[in-house]
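Structure, as structure tokens:
The values are calculated or read from the model by the stated rules, or taken from the named source; none is laboratory data. Remember, predicted model here, so these are calculated numbers, not experimental data. Note: ideal-geometry Cβ built from the backbone for every residue, glycine included; neighbour counts use all protein chains shown.
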Amino acid sequence: MDTKGYGNIPQSLYDAITFLVQALTKRSVPTFLELLFGAMLTQNGFVTEAWLAIRPKRHWTSYFKWLQKGRWSWVALGLQTARLALQRTEGSRCYVAIDDTVVFRCSRKAPESRIHHQHGCKVNRPVYVRGQNWVTMALVLPQGWRSLALPILSRLSRSTGNSGKLVAAKTLLRVTRPLFHGRLVTLLVDSWYMRKSLLLPAQTLGYQVIGQVRKDTALYRPPPCHNGKRGRPRKYGDKLTAERVAELPMISQNLFLYGQWQTVHYRSCVARARFLDGQQVRAVWSQIENKDGTLRQPRLILSTDLSLSAARILLAYNRRWSIEDLFNQLKNRWGWKQTWQQTRQVLHRWTQILSTSYALPQLLAQQNSEQVEDLASLCPWRDKQPITAGRVRQGLQRIFGHVDIRSHWNPKSGKFSPQNRGKKPDRPPDPHKTA
């Protein structure tokens, strides 16, 4: 096999794949590696497209049977991917985001396919669409002034029964909690997930929550000290009406929100939330100033972590937007829209492989090493621009396209390495042993 160009592959890629395969049995590793690289090299989510992107060593039915009947856990693969990403993070605080998205489907035979309300209000889209609803938990990593979301686990919401999106979100929080042992974890959610049935179990597991709520959410001041009279002490103080909120001091500050520097006007105080049974939260009322000087609609953000300031709460909630970009990339660049499978279990397995194939180029693009720059140096006019996962994928396509991936796996050492590394040089023929 032609090994030209293998010097441009970062060693961290081989180390990352060697770390990932520890979550699978050795018998499943060769097939997994072929499908993983096939998913990284193609933009379509079909298994056959991943099979055609490499040089397969087995018949195509073997890969479908492995997805259906192979003895491996897609949950273990997702947790191993999260451990790999956590090795690249610094500090004791980390952020995770939970959100859901709808993958359109035309067939009623697709697993968990049903009618969903299209609340995105996009142009030329019907109000109600048929599709599959996925609840995704992503790890949010800092990337300079921006943030990067890496998918950990995605769970398909059931179309029947009482297990909806909130049940799926609680399941993801419970399964992934051992990953963050010894870390301060902050959960970022939008207004739909700011419910008592999710926030209280999340806090029991050790998560702190930051999320946006409705402007008319019932908030109260802390109650005054008990005066010693008979009767039960008060649970709530005065209600924070619009007039009382306007009396709070306003602070104007330039913050980097939603991809640009913006002037934000906000008020903050500690209040008791009625929908959380009187739990104390820090409430932040904020308005972003437009370029013409007008103010946008006010937003109310709550944080269960009282130690954070109002500015840090706004910056932390800004990280949640990265999961929206994650859904866009997975659907349109990593083939989530074409992940058609006949059963729920097989669909979970293939979707997790696609998520892992998305996370690896993203982690490589974050390194900013010389090897990664050589791998992504395909266009001279983009040398001075930031390295993206798309450029890393193009470099991998140039080297690993239609290559025997299975031969890079060494089952004895349990390592994934280039085919020409670790081999002994050929000995010259012995002149005394001639025919």
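When every residue of the stretch 74-92 is checked against the conditions, none turns out to be in the same structural domain as R195 (by TED's automatic domain parsing) and assigned to a strand (DSSP E or B). Among the residues of the stretch 172-213, just one is over 16 Å from the mean Cα position of the chain (by Cα), among the polar types (S, T, N, Q), surrounded by 15 or more Cβ atoms within 10 Å (Cβ to Cβ) and more than 20 Å from S286 (Cβ to Cβ), namely Q203.
Specify the residue that is nearest to I313 (Cα to Cα); the eligible residues are those in the stretch 274-285 that are in contact with a Phe, Trp or Tyr (Cβ under 8 Å, 6 or more places away or on another chain) and assigned to a strand (DSSP E or B). Across the stretch 274-285, the extreme among qualifying residues is V284.
If you take just the helices (runs of 4 or more DSSP H) that sit entirely in the stretch 2-71, which of them hold at least 2 residues that are touching a residue at least 24 places away in the same chain (Cβ under 8 Å), in the same structural domain as W409 (by TED's automatic domain parsing) and of a type in the set (K, R)?
On the way: elements: 11-20, 29-41, 47-52, 60-69.
Answer list for the stretch 2-71: none.
Annotation: of all residues in the stretch 90-141 being touching a residue at least 40 places away in the same chain (Cβ under 8 Å), surrounded by fewer than 16 Cβ atoms within 10 Å (Cβ to Cβ) and not charged (D, E, K, R), the one that is nearest to G211 (Cα to Cα) is S92.
Please tell me if L166 is aliphatic (A, V, I, L, M), more than 11 Å from E112 (Cβ to Cβ), outside any strand (DSSP E or B) and without any contact (Cβ under 8 Å) to a residue 60 or more places away in the chain. For L166, the condition - aliphatic (A, V, I, L, M), more than 11 Å from E112 (Cβ to Cβ), outside any strand (DSSP E or B) and without any contact (Cβ under 8 Å) to a residue 60 or more places away in the chain - is met. With the structure loaded, tell me whether R58 is under 19 Å from the mean Cα position of the chain (by Cα) and modelled with pLDDT under 95 or whether it fails that test. Here the answer is no, as R58 does not meet what is asked.
In the stretch 23-33, the condition of being buried (at least 19 other Cβ atoms within 10 Å of the Cβ), of a type in the set (V, I, T) and either at pLDDT below 95 or out of contact with any helix residue (DSSP H, G or I) (no Cβ under 9 Å at 6 or more places or on another chain) (or both) is met by no residue. Scanning the stretch 287-294 for residues that are outside the structural domain of L153 (by TED's automatic domain parsing), farther than 14 Å from P151 by Cα and not in a helix (DSSP H, G or I) turns up nothing.
Assess whether P233 counts as being more than 29 Å from Q352 (Cα to Cα), surrounded by fewer than 19 Cβ atoms within 10 Å (Cβ to Cβ), modelled with pLDDT under 95 and touching a strand residue (DSSP E or B) at 6+ places or on another chain (Cβ under 9 Å). When the stated conditions are applied, P233 does not pass them. All of S307, S322 fail the test of being part of a loop (DSSP other than H, G, I, E, B) and either over 18 Å from R221 (Cα atoms) or at pLDDT below 95 (or both), apart from S307.
Considering only the stretch 385-405, I want to know if a residue exists there that is in the same structural domain as Q43 (by TED's automatic domain parsing) and at pLDDT below 85. Yes - at least one qualifying residue is present in the stretch 385-405.
With respect to Y258, is the statement that it is at pLDDT below 95, among the hydroxyl-bearing types (S, T, Y) and out of contact with any Pro (no Cβ under 9 Å at 6 or more places or on another chain) true? So Y258 fits the description; yes.
So that you can scan it fast, the table gives a plain yes or no per residue for (1) under 30 Å from R105 (Cβ atoms); (2) under 25 Å from the mean Cα position of the chain (by Cα); (3) assigned to a helix (DSSP H, G or I):
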{"position": "Q329", "(1), (2), (3)": "yes, yes, yes"}
{"position": "Q341", "(1), (2), (3)": "yes, yes, no"}
{"position": "Q345", "(1), (2), (3)": "yes, yes, yes"}
{"position": "H348", "(1), (2), (3)": "yes, yes, yes"}
{"position": "Q366", "(1), (2), (3)": "no, yes, yes"}
{"position": "L378", "(1), (2), (3)": "no, no, no"}
{"position": "W381", "(1), (2), (3)": "no, no, yes"}
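Rundown of residues vs (1) modelled with pLDDT of 95 or more; (2) under 24 Å from L360 (Cβ atoms); (3) in contact with a Phe, Trp or Tyr (Cβ under 8 Å, 6 or more places away or on another chain), yes/no style:
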residue	(1), (2), (3)
I152	yes, yes, no
N162	no, no, no
V175	yes, yes, no
T186	yes, no, yes
S191	no, no, no
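Yes/no matrix, rows are residues, columns are (1) within 29 Å of the chain's Cα centre (by Cα); (2) surrounded by 12 or more Cβ atoms within 10 Å (Cβ to Cβ); (3) without any contact (Cβ under 8 Å) to a residue 24 or more places away in the chain:
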| site | (1), (2), (3) |
| --- | --- |
| L240 | no, yes, no |
| R244 | no, yes, yes |
| I251 | no, yes, no |
| F256 | yes, yes, no |
| L276 | yes, yes, no |
| V281 | yes, yes, no |
| Q287 | yes, yes, yes |
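Residues that are of a type in the set (K, R) and without any contact (Cβ under 8 Å) to a residue 60 or more places away in the chain were ranked within the stretch 196-231; the one that is nearest to T176 (Cα to Cα) is R221.
Taking the condition buried (at least 21 other Cβ atoms within 10 Å of the Cβ) and in the same structural domain as H59 (by TED's automatic domain parsing), does L347 pass? It is false that L347 is buried (at least 21 other Cβ atoms within 10 Å of the Cβ) and in the same structural domain as H59 (by TED's automatic domain parsing).
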